[in-house]
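Some notes on the structure that comes next.
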Amino acid sequence: MKFTSFIFICGWYLVLTLFSSSEFISLDSQLIVAGIFIFSVGIPHGAIDHIIFFEENRAVSTFQFYFFYFSLMAGYVLAWLVLPLWSFIFFLLVSAFHFGQSQFSDIQSVSKMSLWVSNLTWGLSVLSSLIYYRANELSILFSQYSDLEILQIALNENFHSILLAVSSLLFFMALCYWLWEKAISTQRFFMEIFLLGLIHLSFFTLPVIIGFTLYFSTLHSARVLVEEFNYLKKRKRVFSFQKFVWMLLPYSFLSIIGGGLLLLLSYWDWISVSSILLGLILISIITLPHSIVMDGFYGKMNKS
């Protein structure tokens, strides 16, 4: 069992105990806890995309990289303004695939199509379970803000019950195929099923914000940070955890300050966008270029 998986399991038991001993924990308290983990682990895991990219793409200029990266972000912001519902659906699909990317980053000797199907179906199983199990909670949350009403179409409970069943079945079939092809061990086969089941259980038992933050911070973000650290440690002659942290700080700091300022402006009604929608937009415009960089990173990492 990987260390991040162990932390996730311990975290689930701890949080479940805390919520069981309290009749009500306010939304503000949940957001504060979620913010601490997202700012300390979630944001930093994408803060060195430029370093990761240039390690394997030295022929690409700095200007070309940043032009591509920020053009994607700007284009996605425009898409949110023009087509918010489709932008939200696209965000869910990109997030689902990206979650699968990190979960199976070490899988080799399988076809690219098989890996893409597994990445997407695993991620869809995770996200659809979150939406299906917490449908009422999400509906109440989204109904509090007028600019989120249109997005509720993408949170239809019946649709996600079907998506959950189909994506989970397709993933199980892909996992069986990997076992048949000896791309994974029997132990890994059962561990993946156990872990996915535990993620479903955590989403079923915990409030949506806490459940997702626990998953995102441990099984995704922390896992990616470990992979990035190990990769750079192999590539650089002199490298330490302290140097890694210093690499993460600049863009983590800028993202936290910039995002925090925008959220405050929304909270003070200086921006006519709700804090929830603004948060979704900010996360989505970072996720899109980050997932593309990480797709290239995993491809090169498995070849080295």
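Brief remarks on what is shown
- First in the range 54-76 and closer than 25 Å to residue 236 by Cβ, second anywhere and outside any helix (DSSP H, G or I), Cβ under 8 Å, 6 or more apart: 54/60; 65/57
- Residues in the range 207-223 that are more than 10 Å from the chain's Cα centre (by Cα) and among the β-branched types (Val, Ile, Thr): 208, 209, 210, 218.
- Tally of residues being closer than 30 Å to residue 126 by Cα and either outside any helix (DSSP H, G or I) or without any contact (Cβ under 8 Å) to a residue 12 or more places away in the chain (or both) across the range 215-248: 2
- Of all residue pairs spaced 6 or more apart or on separate chains, those with beta-carbon atoms under 9 Å, a first member in the range 111-136 that is under 14 Å from residue 203 (Cα atoms) and a second member that is at pLDDT below 95 and acidic (Asp, Glu) are 131/157; 132/157; 135/157; 136/157.
- Residue that is loosely packed, with under 15 Cβ neighbours inside 10 Å, within 21 Å of the chain's Cα centre (by Cα) and not β-branched (Val, Ile, Thr), where the choices are 204, 171, 190: 204
- Just one of the listed residues (254, 248) is modelled with pLDDT of 90 or more and over 30 Å from residue 202 (Cβ atoms), namely 254.
- Residue satisfying all of: in the range 116-132; over 13 Å from the mean Cα position of the chain (by Cα) and closer than 13 Å to residue 172 by Cα; surrounded by the most Cβ atoms within 10 Å (Cβ to Cβ) among these: 125
The values are calculated or read from the model by the stated rules, or taken from the named source; none is laboratory data. In this text the structure is predicted, and so the values were computed from the model without any measurement. Reconstructed Cβ throughout: ideal geometry from the backbone, glycine too, with neighbour counts over all protein chains shown.
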